[in-house]
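Comments concern the structure below.
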């Protein structure tokens, strides 16, 4: 039973560290760009868009489709950067513990 108590204590410590990490991630911001920097989107750690920047030269009536594509690409860039950062932080938290496929923490 000693091992079970130790395991429970480790689980509680990991849960506490997970809460701390989630708070840090919520404060994090990740910027994604497209079109050579003509469009930029900033996401917070909860994948919510915080800021959209668009170069004035893209604000032309005939450029709507291009602008839409660049916005989507900038969002995807920011999302992939954010996902990589979350994975990096999780790796630090779990000490490289391999989790089963599809097991996602903290979200």
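No value in this document is a laboratory result; all are computed from the given coordinates. Note that the structure is predicted; figures quoted are calculated from it, not measured. Cβ sites come from the backbone with ideal geometry, for glycine too, and all protein chains shown count toward neighbours.
Relative to the longest principal Cα axis of the chain, at what angle does helix 2-27 sit, 0 to 90 degrees, rounded to 10? Taking Cα atoms only, the helix is inclined about 20 degrees.
By the compact-protein rule of thumb, 2.2 N^0.38 Å, the alpha-carbon radius of gyration of the chain corresponds to a ratio of 1.48. Say we join alpha carbon atoms closer than 10 Å with springs in a Gaussian network model of the chain; which of 70, 59, 25 then has the biggest fluctuation? Per the Cα network of the chain with a 10 Å cutoff, 59 tops the list.
Measure nothing but the geometry: give the 0 to 90° angle between the long axis through the Cα atoms of 64-94 and the longest principal axis through the Cα atoms of the chain, rounded to 10°. Rounded to the nearest ten degrees, it is 20. Every helix of 4 or more DSSP H residues in the chain counts as -39500 (n - 2.57), and over all residues that averages to -19000 deg cm²/dmol at 222 nm.
Direction-averaged projected area, Cα convex hull, the range 27-76: 3.2 nm², rounded to one decimal.
Pulled fully out, how much extra length does the chain show between residue 69 and residue 16, if you take 0.36 nm times their separation in residues and subtract their Cα-Cα distance? So the extension gain works out to 15.0 nm.
Segment residue 23..residue 94, full-extension length gain: 23.9 nm, with 0.36 nm per residue of separation and the alpha-carbon distance subtracted.
Efficiency by 1/(1 + (r/R0)^6): what FRET value for residue 59 and residue 80, r their Cβ-Cβ distance, R0 = 25 Å, to the nearest 0.05? Once rounded, the FRET efficiency stands at 0.40.
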